[in-house]
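Please treat every number below as a calculation from the coordinates, not as lab data. Values in this document were obtained by computation on a predicted structure and should not be read as measured data. Glycine also receives a Cβ, built like all others from the backbone with ideal geometry; neighbour counts cover every protein chain displayed.
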Amino acid sequence: MPFIHFIDRMRKPERSSQYRTFWQYIHIDIGLLIGILLLTFLGLLILYSSSNQNIHVVNQQMIHIGLAFGVLFLFAQIPPMTYRRWAFWIYIISLILLIAVSLIGHVGKGAARWLTIGYVRFQPSEMMKLAIPMFLAWHYHKIHLPLTLRTVMVSAVIILIPALLTAKQPDLGTAILLVIAGGSVLLLAGLSWYVMTAFIAILGLSGPAVWYLLHDYQRQRVLTFLNPERDPLGAGYHIIQSKIAIGSGGLFGKGWLNGTQSHLHFLPEHSTDFIFAVCGEEFGFLGSVILITLFMAIIMRGLYITIKAQDTFCRLLAGSLTITFFISFFINMGMVTGILPVVGLPLPLVSYGGSSMITLMASFGILMSIQTHRKLLTT
Amino acid sequence: MQRIAIKNHIQEIQLITQRCITVFMMMMILIGLLIARLAYLQLVNHTLYTTLSKKNWLDLTPIEPTRGLIYDRNGILLAENIPIFSLDVIPNKITYFPHMLAEIGKIIPLSDNDISQFQKQLKQHRRFDEITLKLRLTEAEVARFSENQYRFPGLLVKARLIRHYPLANSLSHVLGYVGRINTDELRHINPTNYSATHYIGKLGIEKFYEDQLHGTVGYEQAENDASGQAIRILNKIKPIPGKNLHLTLDSKLQLAAEQALSGHRGAIVAIQPKTGDLLALVSEPSYDPTVFVDGMSNEDYQRLQTSPDRPLYNRALRGLYPFASPIKPFIALEGLNSGIASPDFTLFDPGWYKLPNSQHFFHDWRPHGHGTVNLTKAIASSCDIYFYDLGHKLGIQRIDDILTVFGFGQLTGIDMGEELPGVVASPAWKRKTKGVAWYEGDTINSAIGQGYMQTTPLQLAAGVATIANRGIRHTPHLLAYMEYANQAREFNQPKDPAPVTLRDDHDWEIVIHAMQEVITSPEGTGYHFGKLGPYTAAIKTGTAQVYSKKAHGLNEIADNQDSLPERLRNHSLLIAFAPVEKPTIAIAVIVENSNLASSIARQVMDYYLIGPPLVTLLPQTTNRKGTTANALHPFH
């Protein structure tokens, strides 16, 4: 496979890792860091425009980014061994918190997602994004791969309990990501393609059953996805305006700060979930492709770290975090361009908002930890 | 155990690496899909989405052009646009109309008409169109509303221009009026050009010259945000105002004529013979055009419509009357032209006429006849017997021919529309409309303007103007010229119909002399009229029977007129032009159920040729009963 040679070539600079560099010493992966910095910088540029040049919003986002980088740095310092050791308890605590939130959760935006302890507000579903892959990776680390059917069943329960709890909050987007995060561990651990096909088939067939579980606004979103013109001023408005924003951008875009769809408020949620449409409008096809390329660079670095990781736990965790990151930005871009239904997922690192940014940076911290805590072994 | 573990370890590395590669390839496929989607939106359909985007934020607001003004021949303003305040409603901002109407009614009194008009408009317009609730707010009402505006989010006071007719009733039959565009008219107008216009000419000059008066719509291009608020004005195309119309009317003469006719039903048409300019066009009674501009209730409209005086009926153009004696000069001209009559021919009038093979007597209006009459005397004293004889000799074909070349029985082509053609009766016409044959008696009756012949005051005026011109015809018209915004003028040059040509032009003078005799000869039917005149005039009076005297068992019309119910009395008619040598005015007057045509015509002509009347010297006529203060005899 020629791809193997590509990966081999990626290994080359690591030959000199007989000693620790400064970056390894502070447990920062410079490749990942550059990608994240570029993306967050581009995100701030777009946010400045989409918020109608509201410097206050940009400052707020910079605080989020600063905090998130702190978390990243913190998580990068913790050796993978520690994560593995605590994986079980992290999952259990997250699950308890998630149950707690559905009992006593603070209701915000019609959805109970928050748990306030003192001055700190938790979103246990965000914690779950890390807890599920950690738990599964820890579990598969102990047993022999490939997976047995019994293991798969157990894993499914481990994934679905928090996912369903999250979906009931209701937060369909995060629930999907939880399933993705857990499923990707299964995938990497060699889940049989037959089982996967069967699972997807069951998922498809259970569609009508899921329909009854969905909240009314979620059903609206699905219907509107199938036909945005069904309700051009109501639920379909988002996607119609988003497509107009992107389509009117053309090859080179209308130019930074010149987007009419966002600046004149035709595009809803233009600083959060629909910020990619602003990018498409102002920077055009080229700008969007550049943004996607940056995302993909981070993905490639993540997969590289996965392949280079030293044990099964690290490989599965790194791979899962990378795949989850991919799915989260792909779902967002897919929904903004109208190829996926509107689920309330922000564009990671670009959309305005703090809580998902913290989780994301934590996962990058774990990736860096995996990359920089390698024992100087030759395998 | 250890061995197995190591083996598994290598196996696991291979497995995960392979899976990573597979996952990466799937990712690339998905990203390829995403980029293909972006290309589809941004490259393939770029034009479509650019249009949609522009439609979102670019807003073209049409600006109504100012309607052209209307002036009379002396530059007196007849129709203008005055600023008023109106209370407008944006329906989609109102949640509950009855409540809103009740609340606003406490601040600005609303009539039932306002509310019913509003509700009618509400049905015809889109929810975001502004609809007028009340026009012509007073300053106090505007002030009261401003104080309370915060309570009425969907209401606003707007300054706008509205059509105003300074002379009100005087010209309503000529100018017509503008009114709100109705659904029927919406189908016929150019929707783009009328996108900002609320009013359209409904009748008269306002309707006929609608295209010229309206102008061209302008635009304001504004950047709008999602809530529809204009952020800034990008571009402005000024509307082109409508052309100003300068009419041939002399509004002073119009007013004088109207005053002379006021209190009666009738019409006066005055034409400048040399040009065909209409100097006055009066139809009485008339109505106030303002109520049509503002919109009125159905009951008010019904009241106007069903009034026995028929104020909405334009008698000058649509009133169909028998010719009566004013037909005689035209018959005489045909007689002379055909050689059947000659100035020297005389006839003895015993007071009756009988066809050779008939027992039927045709009576003269004068019980015992006029004695020996020639053509001049026949016209001057309006001798029926002479014309029975002449008509019989001419035959209906020749009578129809001469009436047709003078333009009777056809539309005159006045620039107003609305007119009716009248009837030049012929055997074919009678067979077609009545289904019976033409009798010789019909020809006899036609010769004195009774029977089936019908004409309008406008046609009579145009006909007498042709006599004044010795045959040259002009299309009667109201528009002198149009004035553009840059003051360039476009003159109205209507196509003139073919002139009336006689074999001997002297025949004109014979007939005109006879018409002069009407007022100069002691036997003339207008002798009293003539005595007073300091100018020469050619005149023909007439009386049109409303009810056949036979049917009512009456033999003496004149004697019994005053005792008849008003609506059964005869109409009086008059055609005239003056001065005879160089005519400057030709006039037709019809007064329904009254004998005052002559005195009214006299007042109008005096006003035009001498100047404003010395009211004290000319005792005013008239009350409705037709008893006259200046006691002019009924003319025939």
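Could you pull out every residue, at least 5 positions away or on a different chain, whose amide H is within less than 5 Å of the one on B:Ala341? Hs are placed 1.01 Å off N in the peptide plane, and Pro or chain starts have none.
Amide H neighbours of B:Ala341: B:Leu336.
Just for chain B, what percent of DSSP beta bridges are antiparallel, to the closest 5? Numbers along the way, then the final one.
Working: 73 of 76 bridges.
The antiparallel fraction comes to roughly 95 percent.
In whole Å, how far is the Cα centre of the stretch B:83-132 from that of the stretch B:207-260?
For the stretch B:83-132 versus the stretch B:207-260, the Cα centre distance is 25 Å.
Using a 7 Å offset from Cα along Cα-Cβ at B:Ala39, what residues in the stretch A:326-347 end up with backbone N under 15 Å from the label point?
none
Report the calculated FRET efficiency for B:Thr306 and B:Ala485 (r = Cβ-Cβ distance, R0 = 60 Å), to the nearest 0.05. It would help to have the intermediate numbers written out before the result.
Values: r = 43 Å, r/R0 = 0.71.
The pair B:Thr306/B:Ala485 has a calculated efficiency of 0.90.
Using the number of other C-beta atoms within 10 angstrom as an exposure proxy, rank B:Glu523, B:Glu64, B:Glu139 with the fewest first. Present the calculation step by step, with values, prior to reporting the outcome.
Numbers: B:Glu523 15, B:Glu64 19, B:Glu139 8.
Lowest count first: B:Glu139, B:Glu523, B:Glu64.
Rank-order B:242-255, B:142-155, B:80-93 by packing density, defined as the average count of other C-beta atoms within 10 Å over each peptide's residues, highest first.
Details: B:242-255: 23.3, B:142-155: 13.8, B:80-93: 16.2.
Final packing ranking: B:242-255, B:80-93, B:142-155.
The stretch A:138-169 to the stretch B:394-473: how many Å between their Cα centroids?
106 Å
Check which residues have an amide H placed less than 5 Å from B:Thr132's amide H, if you skip close sequence neighbours.
Under 5 Å from the amide H of B:Thr132: B:Val89.
How far is it, in nm, from the label point at A:Ile161 to the one at B:Ile115 when both lie 7 Å from their Cα along the line to the Cβ?
Label at A:Ile161, label at B:Ile115, 6.9 nm between them.
What order do you get for B:Leu403, B:Leu186 when you list them from fewest to most C-beta neighbours inside 10 Å? Don't skip to the answer; put the middle values down first.
Values: B:Leu403 27, B:Leu186 12.
Neighbour counts put them in this order, fewest first: B:Leu186, B:Leu403.
Sorted by packing (mean other beta-carbon atoms within 10 Å per residue), highest first, where do A:361-372, A:195-206 land? Each step should come with its number before you reach the end.
Numbers: A:361-372: 26.2, A:195-206: 11.0.
So the order, starting with the most tightly packed, is A:361-372, A:195-206.
In Å, what Rg and Dmax follow from the Cα atoms of the stretch A:294-379?
Expressed in Å, the Cα Rg and Dmax of the stretch A:294-379 come to 14.5, 48.
Quick one: what are the phi-derived ³J(HN,Hα) couplings along the stretch A:264-278, Karplus 6.51/-1.76/1.60 with θ = phi - 60°, whole Hz, x for glycine and proline?
With coefficients 6.51, -1.76 and 1.60, one gets 9, 6, 6, 8, x, 6, 6, 9, 10, 5, 9, 5, 5, 5, 5 Hz.
What ranking do B:Tyr194, B:Tyr96, B:Tyr608 get, fewest neighbouring Cβ atoms within 10 angstrom at the top?
Working: B:Tyr194 19, B:Tyr96 8, B:Tyr608 22.
The most exposed by this proxy come first: B:Tyr96, B:Tyr194, B:Tyr608.
By how many nm would the segment from B:Leu48 to B:Thr275 grow when fully extended, if each residue of separation counts as 0.36 nm and the alpha-carbon distance is taken off? Could the numbers behind the result be given before it?
Numbers: separation 227, 0.36 × 227 = 81.72 nm, distance 5.99 nm.
Gain in length upon complete extension: 75.7 nm.
Once amide H atoms are built 1.01 Å from N in the peptide plane, which residues 5 or more positions from B:Met453, or in another chain, come under 5 Å H to H?
Under 5 Å from the amide H of B:Met453: B:Ala425.
Enumerate the calculated ³J(HN,Hα) couplings along the stretch B:193-198 in order (Karplus 6.51 cos²θ - 1.76 cosθ + 1.60, θ = phi - 60°), each rounded to whole Hz, writing x wherever the residue is Gly or Pro.
Working through the residues one at a time gives 5, 9, 5, 10, 9, 9 Hz.
Which length gain, in nm to one decimal place, applies between B:Leu30 and B:Gln124 when the Cα-Cα distance is subtracted from 0.36 nm times their residue separation?
Details: separation 94, 0.36 × 94 = 33.84 nm, distance 5.23 nm.
Working it through step by step, the gained length comes to 28.6 nm.
Could you compute the FRET efficiency for B:Ala159 and B:Thr61, with r as their C-beta to C-beta distance and R0 at 22 Å, rounded to 0.05?
Working: r = 16 Å, r/R0 = 0.74.
It comes out at approximately 0.85.
Across peptide A:239-249, what mean number of C-beta atoms from other chains lies inside 10 Å of a residue's C-beta? Let's see the in-between values first.
Numbers: counts 0, 1, 4, 1, 6, 10, 5, 8, 15, 13, 7.
Per-residue shielding by partner chains comes out at 6.
Give the residues of the stretch B:114-153 whose amide nitrogen is closer than 17 Å to a point set 7 Å from the Cα of B:Ala102 in the direction of its Cβ.
B:115, B:152
Please compute the length gained on full extension between B:Ala143 and B:Arg431, using 0.36 nm multiplied by the number of residues separating them and subtracting their Cα-Cα distance. Could you put the intermediate results ahead of the total?
On the way: separation 288, 0.36 × 288 = 103.68 nm, distance 6.93 nm.
Fully extending the segment from B:Ala143 to B:Arg431 adds 96.8 nm.
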